[in-house]
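Please read the structure below before turning to the comments.
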Amino acid sequence: MSNIRLMKPYITFDEVEAEFRAVFESGIFTRGHNVEALRKQLAEYTGAKHAFLMTSATTALWVCLKLLGVDKDDEVIVSDFSFPATANVVEDLGARPIFADVDIHTFNMLPEELERKITPRTKAVIFVDALGNPEGLTEIKAICEKYGLPLIEDAACGIGSGENGRRCGSIADLTCFSFHPRKLISSGEGGAITTNRDDWADWLEMKLMHGAKGLKGIAMDFVDYGYNFRLPELQAIMASKQLAKIEKIVDERNSIRQDYMTELVPLGFVPQKIGVNVRSNIQSLVFKVPEGCDRDALILALRGAGVETTIGTYAMSSGTYFMRKYANPQKNSTKLEQTTITLPCFDGIDLVKVAGSIKNVMR
Ligand SMILES: Cc1ncc(COP(=O)(O)O)c(C=O)c1O
């Protein structure tokens, strides 16, 4: 059992108790003022015109693909170094995920890979902020514009990050966030979509309300079929409290990254590159292990010493399902899956213990 976890929640029960009590007293657990307030807060924070709350980043990505009309035999180009949800949603709609390899330093989609993989069947592009880092997003957006392709940002990890002075949520055509407990904002489960497009916002408003728009007589008018992926009131309260302090959280995590670098770079660990035009939220603090180091053995030894660690993330193309179906593994992402490690990162972390454990194992 690890006694230093990878992540700790940035929320306490004391912070939400009064508002939770009010919800219980009112009996309004869904579609209340807390949800509406969070939508406004998220739009204001990211600089996006519209924000929609969802049950997860997975449902957010899936709905965005539905919005774009992604269907059988379409292709969607995806950053390959990601949690498999990014490609699963494409696969689920009968379309084909086209895995684009990533930069070995930033871990993000390579622009030349994107251009090389565009075909007449390409319907959309999903760029992933790998581990919270959006580096290269602006360049990928410019390429998408050149080819008339819609860009979805999988910012499941990216709340609080940005590039060239703009925040994630207002750069891509559609941005999807996650509020899972491994993220900087956690509501248990949850997610969001942001966009600047009014017509897409109208579609989302209607589809996410079971297809209802306006009234027919005194009841809802179901003008289309639709869905329910709502974030409830209690979850909205939790997310709102954390969003209010996101800048401080991001600063703290960047400072922890610097401290880790001081300890680990001399041992040969190489951090994920974060460029000068990028603000990364350090959702996962990931290093490439030193040349010759047995990464799996290191993770297991650290776990044995009570320090929770895991791999960086996945080369989706190399996973059993996608490998069996498409047999198209990507070189850099596969190497990163095998040679990266995620280390604990949260306010108050005992860095001396983590670094000491690493040094003990590496001796
Ligand atoms: C890049 C990426 N996309 C999508 C997801 C799925 O997010 P959720 O758990 O909110 O569905 C994750 C989860 O870790 C992720 O890291």
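The values are calculated or read from the model by the stated rules, or taken from the named source; none is laboratory data. These numbers come from a predicted model, not from an experiment. Heads up, the Cβs are rebuilt from the backbone with ideal geometry, glycines too, and the neighbour counts pull from every protein chain shown.
Worth pointing out:
- Looking across the stretch 194-241, just one residue is within 22 Å of Arg167 (Cβ to Cβ), basic (Lys, Arg) and part of a loop (DSSP other than H, G, I, E, B), and that is Arg197.
- Lone qualifier among Thr320, Thr339 - being modelled with pLDDT of 95 or more, more than 16 Å from the ligand (Cβ to nearest atom), crowded, with 17+ Cβ neighbours inside 10 Å and among the hydroxyl-bearing types (Ser, Thr, Tyr): Thr339
- The number of residues in the stretch 326-357 that are in contact with a helix residue (DSSP H, G or I) (Cβ under 7 Å, 6 or more places away or on another chain), within 21 Å of Ala305 (Cα to Cα) and not acidic (Asp, Glu) comes to 9.
- Inter-residue pairs, beta-carbon under 6 Å, first under 17 Å from Ala51 (Cα atoms) and in the stretch 134-160, second buried (at least 22 other Cβ atoms within 10 Å of the Cβ) and of a type in the set (Phe, Trp, Tyr), 6+ apart: Glu153/Phe127; Ala155/Phe177; Ile159/Phe177
- Counted residues, the stretch 247-286 - those being crowded, with 18+ Cβ neighbours inside 10 Å, of a type in the set (A, V, I, L, M) and assigned to a helix (DSSP H, G or I): 4
- Per-region count, the stretch 126-141, residues under 14 Å from the mean Cα position of the chain (by Cα) and of a type in the set (Val, Ile, Thr): 2
- Looking across the stretch 172-187, just one residue is in contact with a Leu (Cβ under 9 Å, 6 or more places away or on another chain) and surrounded by fewer than 18 Cβ atoms within 10 Å (Cβ to Cβ), and that is Arg182.
- Any hit, the stretch 142-160, residues being surrounded by fewer than 24 Cβ atoms within 10 Å (Cβ to Cβ), within 16 Å of the ligand (Cβ to nearest atom) and over 13 Å from the mean Cα position of the chain (by Cα): yes
- Any hit, the stretch 12-29, residues being within 21 Å of Ser161 (Cα to Cα), surrounded by 13 or more Cβ atoms within 10 Å (Cβ to Cβ) and not hydrophobic (A, V, I, L, M, F, W, C): no
- Some residue of the stretch 235-256 being of a type in the set (S, T, N, Q), more than 30 Å from Ala18 (Cβ to Cβ) and in contact with a helix residue (DSSP H, G or I) (Cβ under 9 Å, 6 or more places away or on another chain): no
- Considering only residues in the stretch 180-207 that are among the hydrophobic types (A, V, I, L, M, F, W, C) and in contact with a strand residue (DSSP E or B) (Cβ under 6 Å, 6 or more places away or on another chain), the one that is farthest from Ile140 (Cα to Cα) turns out to be Met206.
- The residues of the stretch 92-101 that are within 16 Å of the ligand (Cβ to nearest atom) and among the hydrophobic types (A, V, I, L, M, F, W, C), listed by number, are Leu93, Phe99, Ala100.
- Complete set of residues in the stretch 102-141 that are in contact with a Lys or Arg (Cβ under 7 Å, 6 or more places away or on another chain), within 16 Å of the ligand (Cβ to nearest atom) and not polar (S, T, N, Q): none
- Test: residue in the stretch 220-227 that is more than 15 Å from the ligand (Cβ to nearest atom), in the same structural domain as His33 (by TED's automatic domain parsing), of a type in the set (Val, Ile, Thr) and surrounded by fewer than 21 Cβ atoms within 10 Å (Cβ to Cβ): yes
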